[in-house]
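Worksheet: one structure, shown below.
The values are calculated or read from the model by the stated rules, or taken from the named source; none is laboratory data. Owing to the predicted nature of the structure, the values given are computational and were not obtained by experimental measurement. Cβ: placed from backbone, ideal geometry, glycine included. Neighbour counts: every protein chain shown. Side chains are part of the model used for accessible areas, which takes the heavy atoms of the whole protein and leaves out ligands, DNA and RNA. Shrake-Rupley method; radii C 1.70, N 1.55, O 1.52, S 1.80 Å.
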Amino acid sequence: MVFKTALRKEIEAHRDDLLALSARIHAHPETAFEEHRAAAWCAELLAAQGFDVTMPAYGLDTAMSATVGSGPVTVALVCEYDALPGLGHACGHNLIAAAGIGAALALAPYADELGLTVRVLGTPAEERGAGKALLIEAGAFDGVDAAMMVHPCPFELADFRSFALGTLSVTYKGKSAHPSLNPYEGRNAADALTVAQVALGLLRQQLPPQWRVHGITTAAGTAPNAIPDRATAEYEIRALAAEDLRELRERVENCFRAGALATGCDVTLERPEPDYLDFRGDPELIALWKANAQTLGRAEPVEREPFACTDMGNVSHLVPSIHPVLDISGGACGPHEAQFAAAAVSPAAEQALLDGALGMAWTAADLALARLAAATSS
């Protein structure tokens, strides 16, 4: 309890800086891999408080890493800060970044005493690009004992779960010809895509309810008096688990191969980004978070089936992780809605930011002290 009181005082001491950081990131939205200002602002605040800061980090221009303490338990505090194209911070990543920074600032003076090494990771491109998957490959989470972040939403949720998600870029190449003079010499790329879409529509009848296939056509010809020699599409697939995603991808790709085979076109299938794996929360960390959120006076958490995708899922397959959800809108609007961008700088959002920062700091301290007690008793 002594540590928890001290950590609360640290959050209060940094309150103005944290709220200002959140507001600044919100006012200057930057999309995936373009978050130069947001990353720099986070790095500057940590450097001013004695953190060992590296930016750029792990081969990504807008990734940031900062550490303090040298204890045996390493906790990664994850800061997302990318915005949505056209919607700004309608997913509230300004709050995620500031909450992670806040938890780190609270823990910094007590890290060694608690037995902690605090690692702050600025992780670009959550909305598109799977930045955390790239950071995992580069070693950003090596040696981490626990990873955590909080996310704004229209409800409270402690045991967050997500879909696994994969992306697919499709390109058909055919042969152009005049549709009246010599259509038999053409190979219609748009028809290839139509065949594939019909196949996908029939496939959906045989898919489990939790599996999803959805996408858009991005090109299918330029004029009605020329047989299209090129057609393209962008698709996403979702499943409850990464293992299911692999099977779903193969079945979906076969539908696109069928379009090529039926029309005599060539098809290229590419993954524009790494797969997003399903999030799997750690029971010990979830229990610690629940107790701390209750102490903070947060609303009773609800239970929800998976409803989103996040590259934090990739982290959770590697490191014990939590991803609590905090209510900032009272159910009036949700992520990826224009109204949610306004909610992300509301008084409720500011309170969620401060509660999230303190809740993560308390949870990290609880974990470190539990590990210390276990080591002492053994």
Here the FRET efficiency for residue 70 versus residue 351, based on Cβ atoms and R0 = 30 Å and rounded to 0.05, is 0.35
Taking alpha-carbon centroids only, region 286-311 lies from region 323-378 a number of Å equal to 8 Å
Under the rule rounded for a/c under 1.5, else prolate if a/b exceeds b/c, else oblate, using alpha carbon gyration tensor axes a ≥ b ≥ c, region 168-220 is classed as prolate
Stretched fully, the stretch from residue 184 through residue 217 gains (0.36 nm per residue minus C-alpha distance, one decimal, in nm) 9.4 nm
In a Gaussian network model of the chain with springs linking alpha carbons closer than 10 Å, the residue among 82, 145, 266 that fluctuates most is 266
So the angle from the long Cα axis of helix 2-13 to the longest Cα principal axis of the chain, reported in degrees to the nearest 10, equals 70 degrees
Expected field for residue 8, accessible surface area in Å² at 1.4 Å probe radius, rounded to 10, holds 110 Å²
Taking a crude spin-label model, label points 7 Å out from Cα along the C-beta direction, the residue 230 to residue 269 distance in nm is 2.2 nm
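So for the chain, averaging the separation of alpha carbon pairs under 8 Å that are six or more residues apart and normalising by length, what relative contact order in percent results? If you can, show how the numbers build up before the last one.
Values: 879 pairs, mean separation 87.5, N = 378.
23 percent.
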Between residue 117 and residues 5 or more places away or on another chain, the pairs with built amide H atoms under 5 Å apart involve 71, 73, 74, 75
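If we sort 117-123, 83-89, 215-221, 96-102 on the protection proxy, mean other Cβ atoms within 10 Å, highest first, what's the order? Walk me through the numbers on the way to the answer.
Numbers: 117-123: 27.6, 83-89: 18.9, 215-221: 14.7, 96-102: 30.1.
The peptides rank, most packed first, as 96-102, 117-123, 83-89, 215-221.
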Helix 15-27 sits off the longest principal axis of the Cα atoms of the chain, rounded to the nearest 10 on a 0 to 90 degree scale, by 10 degrees
Restricting to Cα pairs under 8 Å and 6 or more apart, the percent relative contact order of region 79-194 works out to 21 percent
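Quote the FRET efficiency, to the nearest 0.05, computed for residue 6 versus residue 175 with a Förster distance R0 of 51 Å and r equal to the Cβ-Cβ distance.
On the way: r = 72 Å, r/R0 = 1.42.
It comes to 0.10.
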Env charge @ residue 70, Cβ radius under 13 Å, K,R +1 / D,E -1, value -2
In nanometres, the difference between 0.36 nm per residue of separation and the alpha-carbon distance of residue 204 and residue 142 is 18.4 nm
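By how many nm would the segment from residue 37 to residue 304 grow when fully extended, if each residue of separation counts as 0.36 nm and the alpha-carbon distance is taken off?
Values: separation 267, 0.36 × 267 = 96.12 nm, distance 3.46 nm.
The residue 37-residue 304 span can extend by a further 92.7 nm.
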Straight-line reach check, residue 132, cutoff 16 Å on alpha carbons, 8 or more apart in-chain or any other chain, hits among aspartates and glutamates -> 34, 35, 61, 80, 82, 142, 273, 275, 278, 311
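With only Lys, Arg, Asp and Glu charged, each at its Cβ (+1 for the first two, -1 for the last two), find how big the charge dipole of region 144-242 is about the Cα centre; round to the nearest 20 debye.
Working: 8 positive and 8 negative charges, 69 e Å.
Rounded to the nearest 20 debye, it is 340 debye.
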In debye to the nearest 20, the charge dipole size for the chain, taken about the Cα centre with +1 at each Lys and Arg Cβ and -1 at each Asp and Glu Cβ, equals 600 debye
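Tell me, what is the FRET efficiency for residue 20 and residue 61 to the nearest 0.05, using R0 = 25 angstrom and their Cβ-Cβ distance as r?
Details: r = 24 Å, r/R0 = 0.97.
The calculated FRET efficiency here is 0.55.
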About its Cα centre, region 1-71 carries a charge dipole, from +1 on Lys and Arg Cβ atoms and -1 on Asp and Glu Cβ atoms, whose size in debye to the nearest 20 is 360 debye
